[in-house]
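A quick write-up on the structure given underneath.
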Amino acid sequence: MRRGMAEQTVMFVSVLKWFLLATAVGAIVGASTSFFLRLLDATSAATARISLSYLLLPAALFVSALLVRYLAPDAQGHGTEKVIEAIHRKSGRIPIQVVPVKLAATVITLAAGGSAGKEGPCAQIGAGLSSFFATLLRFDDRDRVKLVVCGISAGFASVFGTPIAGSIFGVEVLFVGSMMYSVLLPSFVAGITAYQVSAALGVGYFQSPIGAMPPFSESLMLTVVAAGVFFGLCSVLLIEILKLGAAASKRCRIWSPAKGLLGGGLLAGLALAFSPLYLGLGIPAIEAALRGETTPWYAFLLKPIFTSVTLNFGGSGGIVTPIFFIGSAAGSTFAQVFHQSAPLFASIGLVSLLAGAANTPIAASILSVELFGPAIAPYATVACVISFLMTGHRSVYPSQILSLAKSSSLDVKLGQEIDAVQTSYRPREKSALGVLRAAASALRRWTSRGDGAD
């Protein structure tokens, strides 16, 4: 009895401790996210009044790269990746100067038209503040990591207005195939608190419940399965284009602010050659696709190029908002080709690209309900899981730790960062592929005997 009571007492104290800490983190991150979003709205509105404002991109990416290089190198690229890297390599230690530098560099990048997102900065700002909070309280590495994960969840939840998906995202994004259950409670509390604080401070959120859902049918579910495969391949395309951009930037051995000039000039040229549609956050294009309006069929192919140039050549920002653009555009194209409901498949594509590219199928499935209503859940969940599997052992977050082989027919080494993972095919007689190979071999032998008889 005493042992049982002692255990429950310890757990009660732990629950109370993390409830209070997570509430504090959520409130701080919610307030800082609100400030960031208001500043971003104000600067974007100012540049929108300038004709051909994207011609400012070379100067903007130059300044962004300059700030990052000399004030906070950890603020480079898209923020969530840097937080994951800090958790796995540095026990969650993030220099506090990352917070103002990331905020400034992202606002400059996005206001001028850089193709990036707004969730990465919020996650990195939240994680940076949480890490500083942990330092003040003299936390050990284990508790510091838990607090930093709360910062990720709070940042995602407050920027998109999705408290449950944001909370799950923070604990799911660190590992491919497993979650940090020890952080579930504080993650939920931080995410919900941050969302409530941001909403109270006047941040508006986009929600678009699906109106008339098509009646369930076997053919519709088969189409959703095909869409999941397609969205998984789109995730692979995005990841590979980001890698190509990173490799090109690495080969370009010049001063990093000069890379910003080069990248900004390239983005401005791409916008002149194609369309400014692919610059900035792309929220109007996302909303148009979700309403069922026709988007260029190749939009999901061009947006990754704009985003890769931005993030690899001096720009600062997130990756999830571009993922939403690519997913909704890909879903719109899929619907046009197969004569399906454009709003439905644009919505499914938006969450499925996140599931595949970020390896977060659970958070993406919950996101579909929070953004589009429960009616879409059966279809979105199936597509999200298929997209997650089809992406293979890749990610837009190279520092994720692999803890699951997505197929028993593939040899992969678990426990390493996903960017270092090498896969090889391992034949198995009783696998589906093994059965197909055996059937093909038997067919060849039968055909060869038939030819010999002639």
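The values are calculated or read from the model by the stated rules, or taken from the named source; none is laboratory data. Fair warning: this is a prediction, and the values are worked out from it, not measured in the lab. Neighbour counts run over all protein chains shown; Cβ positions are idealised from the backbone, glycine included.
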When the range 214-254 is checked residue by residue, the ones that are within 16 Å of Gln76 (Cβ to Cβ) and touching a helix residue (DSSP H, G or I) at 6+ places or on another chain (Cβ under 8 Å) are Leu242, Gly245, Ala246, Ala248, Ser249, Cys252, Ile254
Keeping to the range 366-386, report how many residues are surrounded by fewer than 24 Cβ atoms within 10 Å (Cβ to Cβ) and among the polar types (S, T, N, Q). 1
In the range 86-102, anything under 15 Å from Leu147 (Cα atoms), touching a residue at least 40 places away in the same chain (Cβ under 8 Å) and not aliphatic (A, V, I, L, M) is listed as His88, Ser91, Gly92, Arg93
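Take the range 385-407 and flag every residue that is in a helix (DSSP H, G or I) and under 25 Å from Lys82 (Cβ atoms).
Narrowing the range 385-407 to residues in a helix (DSSP H, G or I): 385-390.
Ser387, Phe388, listed by residue number.
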Which ones in the range 396-413 are touching a Gly at 6+ places or on another chain (Cβ under 6 Å) and of a type in the set (Ser, Thr, Tyr)? Ser403
Which residue is surrounded by the fewest Cβ atoms within 10 Å (Cβ to Cβ), if the candidates are limited to the range 196-219 and must be assigned to a helix (DSSP H, G or I) and touching a Gly at 6+ places or on another chain (Cβ under 6 Å)? Val197
Expected single match for touching a helix residue (DSSP H, G or I) at 6+ places or on another chain (Cβ under 7 Å) and of a type in the set (Ser, Thr, Tyr) among Ser328, Ser275 is Ser328
Could you please find all residues in the range 258-309 being surrounded by fewer than 19 Cβ atoms within 10 Å (Cβ to Cβ) and not hydrophobic (A, V, I, L, M, F, W, C)? Gly265, Gly269, Ser275, Pro276, Pro284, Glu287, Arg291, Gly292, Glu293, Thr294, Pro296, Tyr298
Consider Lys250 carefully, then state whether it is out of contact with any Leu (no Cβ under 9 Å at 6 or more places or on another chain), surrounded by fewer than 19 Cβ atoms within 10 Å (Cβ to Cβ), part of a helix (DSSP H, G or I) and at pLDDT below 95. yes
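Condition (residue is at positive phi and either out of contact with any Phe, Trp or Tyr (no Cβ under 6 Å at 6 or more places or on another chain) or at pLDDT below 85 (or both)) applied to the range 237-244: is it met by at least one residue?
Step one: list which residues in the range 237-244 are at positive phi, which gives none.
Checking the range 237-244: not a single residue is at positive phi and either out of contact with any Phe, Trp or Tyr (no Cβ under 6 Å at 6 or more places or on another chain) or at pLDDT below 85 (or both).
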So which residues in the range 315-340 are more than 15 Å from the chain's Cα centre (by Cα) and in a helix (DSSP H, G or I), if there are any at all? Ala329, Ala330, Gly331, Ser332, Thr333, Phe334, Ala335, Gln336, Val337, Phe338
When you look at Ile192, is it over 18 Å from Gly128 (Cα atoms), in a helix (DSSP H, G or I) and within 19 Å of the chain's Cα centre (by Cα), yes or no? no
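Yes/no per residue for (1) farther than 26 Å from Ala329 by Cα; (2) not assigned by TED's automatic domain parsing to the domain that holds Gly79:
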| position | (1), (2) |
| --- | --- |
| Ile168 | no, no |
| Ala194 | yes, no |
| Leu222 | no, yes |
| Val236 | no, yes |
| Leu244 | no, yes |
| Lys250 | yes, yes |
Whether any residue in the range 163-173 is β-branched (Val, Ile, Thr), assigned to a helix (DSSP H, G or I) and free of Cβ contacts under 8 Å to residues at least 24 places away in the same chain is what I want to check. yes
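Just the residues that are small (Gly, Ala, Ser) and under 17 Å from Pro322 (Cβ atoms), please, taken from the range 265-300. I'd like the intermediate steps shown before the answer.
Pass one, the range 265-300, residues small (Gly, Ala, Ser): 265, 268-269, 271, 273, 275, 280, 282, 285, 288-289, 292, 299.
Correct list: Ala271, Ser275, Gly280, Gly282, Ala285, Ala288, Ala289, Ala299.
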Check whether at least one residue in the range 293-314 is touching a helix residue (DSSP H, G or I) at 6+ places or on another chain (Cβ under 9 Å), under 26 Å from Thr33 (Cα atoms) and not in a helix (DSSP H, G or I), and report yes or no. yes
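Results for (1) closer than 25 Å to Phe388 by Cβ; (2) at pLDDT below 90; (3) crowded, with 24+ Cβ neighbours inside 10 Å; (4) touching a strand residue (DSSP E or B) at 6+ places or on another chain (Cβ under 8 Å), shown as yes or no for each residue.
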{"site": "Thr106", "(1), (2), (3), (4)": "no, no, yes, yes"}
{"site": "Thr109", "(1), (2), (3), (4)": "no, no, yes, yes"}
{"site": "Asp140", "(1), (2), (3), (4)": "no, no, no, no"}
{"site": "Gly155", "(1), (2), (3), (4)": "yes, no, yes, no"}
{"site": "Met180", "(1), (2), (3), (4)": "yes, yes, no, no"}
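Using the structure shown, decide if Phe62 is hydrophobic (A, V, I, L, M, F, W, C), more than 20 Å from Cys150 (Cα to Cα), outside the structural domain of Gly280 (by TED's automatic domain parsing) and at pLDDT 95 or above.
yes
Quick one: is Ser64 closer than 17 Å to Ala111 by Cβ, of a type outside the set (Lys, Arg) and under 25 Å from the mean Cα position of the chain (by Cα)?
On the way: closer than 17 Å to Ala111 by Cβ: yes; of a type outside the set (Lys, Arg): yes; under 25 Å from the mean Cα position of the chain (by Cα): yes.
Judged against the criteria, Ser64 is a match.
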Output the number of residues of the range 36-74 satisfying the condition of being surrounded by 15 or more Cβ atoms within 10 Å (Cβ to Cβ) and more than 14 Å from Gly114 (Cα to Cα). 10
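Given the options Thr47, Thr33, name the one that is within 24 Å of the chain's Cα centre (by Cα), under 30 Å from Phe313 (Cβ atoms) and at pLDDT below 95. I'd like the intermediate steps shown before the answer.
Values: Thr47 fails: within 24 Å of the chain's Cα centre (by Cα).
Residue meeting the stated conditions: Thr33.
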